[in-house]
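**Q** This is the structure I want to talk about, given as structure tokens.
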Amino acid sequence: MPDLPPSRRLRLKFAVIGAIGGAMVLLPLGQVLRYQNADLEALVAERTTLDPLTHALAVQHGLLGHRDAAERVLRGRQQLEAERQLRKAEVDASLWALRGTLSAGYWVRALDESNALTRDWHTLASRVALHQVPPTESRAGHQLLLEQAVQVMDLVSAAAPAGSYAQLLNAGRMHIAGSPLAPAQADTAEAVSLPRLAAVGQALRAHSAAIDERSAALKEQRAMVTV
């Protein structure tokens, strides 16, 4: 097809859009509702995928806080033991929430990895509480737990629908500097940091809010159609 002048291409574009809009108006009500229901189901599925990612991020955030507090306590700063216990409680709560969301879905492999992460965490936390681990070994143990949490996120993203936000984020194609989901970042000792977790967490919350807004708009449209 020969190249068209910009003005004619623009007119053709509007003509095509108008034709599509007219076809939508002529669609039977049942077909319109099926389209809307399919869109809603897709949004619900994507929104469900974001929940375990958010909880896994919270686990990593808690692990970083406990790692630093534990290291100071193990180096003799016993006055920080209360803070360490607080950070431990945060990790426990985040792991419980993560397990709950994974159990409610179809992420079998991610749930298995989460259970292994929980067992390893309890072992390390108990050794830290009893001062049975030196600071350097504690730090290395926390790094392994952080990598397990990243693996949970990888497994959730791998099970997400093709082209979904979770898969794009996992592939590192979202422009988030130092995303802990990017494979290249996950195998270095300092891959996961609070600024990176904050950036990814903010992106996830923004996308979740956008999905909720789109879902509400679709429900409103469906209600208007069925009136």
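The values are calculated or read from the model by the stated rules, or taken from the named source; none is laboratory data. Because the structure is predicted, anything quoted here is derived from the model rather than measured. Counting neighbours? That spans all protein chains shown, and the Cβs are built from the backbone with ideal geometry, glycine included. Surface accessibility is based on the protein's heavy atoms, side chains included, excluding ligands, DNA and RNA. Shrake-Rupley method; radii C 1.70, N 1.55, O 1.52, S 1.80 Å.
**Q** Which order do you get for Trp121, Trp96 if you rank them by accessible area with a 1.4 Å probe, largest at the top?
**A** Trp96, Trp121
**Q** Could you give me the ³J(HN,Hα) list for region 80-96, computed from phi with Karplus coefficients 6.51, -1.76, 1.60 and θ = phi - 60°, whole Hz, x at Gly and Pro?
**A** 9, 4, 4, 5, 4, 5, 5, 5, 5, 4, 5, 5, 4, 5, 5, 5, 5
**Q** Using the crude model of +1 on Lys and Arg Cβ and -1 on Asp and Glu Cβ, and no other charge, please compute the dipole size for region 104-147 relative to its Cα centre, in debye to 20.
**A** Roughly 100 debye, rounded to the nearest 20.
**Q** Can you compute the modelled spin-label distance between Thr136 and Asp120, with each label point 7 Å from Cα toward Cβ, in nm?
**A** Label-label distance for Thr136 and Asp120, simple model: 2.1 nm.
**Q** Another question, if that's okay. Taking the mean number of other Cβ atoms within 10 Å as a proxy for protection, how do you rank 142-153, 99-110 from highest to lowest?
**A** Order by mean packing, descending: 142-153, 99-110.
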